[in-house]
Amino acid sequence: MLGNLGVADHPAASLFLLPNFTFILELIAFLLVLGFIAKWVLPPLRKAMAAREAQIRGAIEAAEDARREAAETVARRREALEAARAEARQIVDQANEMADQLREEGRRRGQEEYERLMAAARSEIELERQRARDEVMSDLGDLVLRAAERVIGSGLDDSRHRALVDEAIAAARTSGDGQGGEAGA
Amino acid sequence: MTPSLLAISVPVGDHIYGKLFGFTINIDDLVSVGVAGLVIVALGLVLRAKATAGVPGKLQLAFETIVGAVENQVRSTMGERGLFVVPLAVTLFLFILISNWLEMFPTTYPGHHQILPAPTGDINLPAAMAILVIVLVHVTWIAKSGFKSYIGHYFKPNLAFFPINLVEEIAKPLTLALRLFGNIFAGSIMLVLIADLPAKLVLPIPVLDFVWKLFDGLFVGPVQAFIFSLLTILYFDAAVAGGH
């Protein structure tokens, strides 16, 4: 079937622009390769490319979801932060208000205690003054009697003149009370 | 070196010929096509075994890049309805690219033929692929728009344009095949010319040979494969659109 291997001086060499029977054989060879590529190579290759494309698309979508979730988390955190700040402001305001109330209450109580202590002190002072005046007045009778004895040079009837002195002292006390009351007022 | 001497030293259309069923065949081109096909099948089998939805290997990454680029091109021109062209365009690109790269391997021995010439540097493979593409384009046109619409597009925008449209349709497979063939064939001629250069050169011949193969492999080969695939997509675009 195959025979007569020729060389460059073969008659066909002068017709190099015209196809010969090689054309048919090479066409068949090409069609075989075309069939192989179309049936055996491209389908698995396209399948792998499509699978990778799907993987990449899935990864991109997952990344997009993660990005969206992260953005939502940031937004939630910002909202929580704002709420916490608002709550903190409210607490501070309440604390300030309470502090003002406590300060006012303390000031009021202090004022009341001060007034109570002042009133007690005044009362005590008045009592002490009264007590001192009474002592002074009781001593005053003795002093007056002794002074009078020295002036008149004779003894006085202690019981009789004592009543007079006490009466004078009572009058003086009444008079002193009236002056003390005016002075206290 | 005179131009005439140079012309004599360049073998054009030089192949190892044989006979099959009484027809002449280029055995070296057929071997190259077989090698290119086996390379693609081997790469495809490795890819099929190792294809993963996880981190792709270098081979899978290369295939995905090619398939992705072709699919994007198809979607941008035809939309989803043109995706049936992707296997053909991908196979064309891979087949042409691997075939072009065969030229880079040093398989020529002094006094002998190149064992693995780029099969795209021979008219048979480009013509086979171009005619297959154009036939499929016309079949698609008829299948998508109907025979009446297909015939009608030869007479648009009016009857006077029939000769122009006819020449355009005939020129499509010719230009598609000859563009690829001419570029790769020219590359192989360059290699022969470099090998025939006199010894007194600034750069040694092996360096020139390497530089040219690098340029041919990195730029001309991929560019021609890309152009063939791109034009295929564009021709199918016109067929799918029905000439509208």
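The values are calculated or read from the model by the stated rules, or taken from the named source; none is laboratory data. Note that the coordinates shown come from a computational prediction; the quantities given were computed from them, not determined experimentally. Heads up, the Cβs are rebuilt from the backbone with ideal geometry, glycines too, and the neighbour counts pull from every protein chain shown.
Here the condition is being within 22 Å of B:L92 (Cβ to Cβ) and modelled with pLDDT under 95; of A:L5, A:L45, it holds for A:L45 alone.
Check segment A:116-131 and report whether any residue there is surrounded by 10 or more Cβ atoms within 10 Å (Cβ to Cβ), within 14 Å of another protein chain (Cβ to nearest Cβ) and modelled with pLDDT under 95.
So the first thing to find is which residues in segment A:116-131 are surrounded by 10 or more Cβ atoms within 10 Å (Cβ to Cβ), and the list is A:116-131.
Filter once more, keeping what is within 14 Å of another protein chain (Cβ to nearest Cβ): none.
No, segment A:116-131 has no match at all.
Per this entry, B:K144 is counted among residues that are of a type in the set (K, R) and surrounded by 14 or more Cβ atoms within 10 Å (Cβ to Cβ). Here is the figure for segment B:16-36: residues that are in contact with a helix residue (DSSP H, G or I) (Cβ under 8 Å, 6 or more places away or on another chain), crowded, with 21+ Cβ neighbours inside 10 Å and in a helix (DSSP H, G or I) total 5.
In segment B:94-144, the residue that is nearest to the other protein chains (Cβ to nearest Cβ) out of those that are outside any helix (DSSP H, G or I) and aliphatic (A, V, I, L, M) is B:I123. Annotation: B:L180 fulfils all but one of (1) free of Cβ contacts under 8 Å to residues at least 40 places away in the same chain; (2) in contact with a Phe, Trp or Tyr (Cβ under 6 Å, 6 or more places away or on another chain); (3) of a type in the set (A, V, I, L, M); the unmet one is (1).
Within segment B:45-75, take every residue that is β-branched (V, I, T) and facing chain A (nearest Cβ under 7 Å) and give me the one that is surrounded by the fewest Cβ atoms within 10 Å (Cβ to Cβ). Show your work before the answer.
Taking segment B:45-75 as the starting set, the residues that turn out to be β-branched (V, I, T) are B:46, B:52, B:55, B:65-67, B:70, B:74.
Now drop any that are not facing chain A (nearest Cβ under 7 Å), which leaves B:52, B:67.
Details: B:T52: 12, B:V67: 22.
Once the filter is applied, the top-ranked residue is B:T52.
Please give the helices (runs of 4 or more DSSP H) falling wholly within segment B:145-244 in which 3 or more residues are under 24 Å from B:S76 (Cβ atoms) and among the small types (G, A, S). Full working, then the answer.
On the way: elements: B:147-152, B:162-195, B:205-215, B:221-241.
Counting at least 3 such residues, we get B:221-241.
Considering (1) touching a residue at least 24 places away in the same chain (Cβ under 8 Å); (2) over 21 Å from B:L38 (Cα atoms); (3) not hydrophobic (A, V, I, L, M, F, W, C), the lone condition that B:E103 does not fulfil carries the number (2).
Within segment A:73-132, the set of residues being among the charged types (D, E, K, R), free of Cβ contacts under 8 Å to residues at least 24 places away in the same chain and under 30 Å from A:A172 (Cβ atoms) comprises A:R122, A:E124, A:E128, A:R131.
Tell me, which residue of segment B:80-126 that is small (G, A, S) and touching a helix residue (DSSP H, G or I) at 6+ places or on another chain (Cβ under 9 Å) is surrounded by the most Cβ atoms within 10 Å (Cβ to Cβ)? Break it down stepwise before answering.
Here is the first cut: in segment B:80-126, the ones small (G, A, S) are B:82, B:89, B:99, B:111, B:118, B:121.
Now restrict to residues that are touching a helix residue (DSSP H, G or I) at 6+ places or on another chain (Cβ under 9 Å): B:82, B:89, B:99, B:118, B:121.
Numbers: B:G82: 22, B:A89: 25, B:S99: 34, B:A118: 27, B:G121: 25.
It comes out as B:S99.
Considering only segment B:37-79, state which residues are touching a residue at least 12 places away in the same chain (Cβ under 8 Å), out of contact with any helix residue (DSSP H, G or I) (no Cβ under 6 Å at 6 or more places or on another chain) and among the charged types (D, E, K, R). Within segment B:37-79, no residue meets the criteria. Looking at this structure, is B:I40 outside any helix (DSSP H, G or I) and at the interface with chain A (Cβ under 7 Å from one of its Cβ atoms)? It is false that B:I40 is outside any helix (DSSP H, G or I) and at the interface with chain A (Cβ under 7 Å from one of its Cβ atoms).
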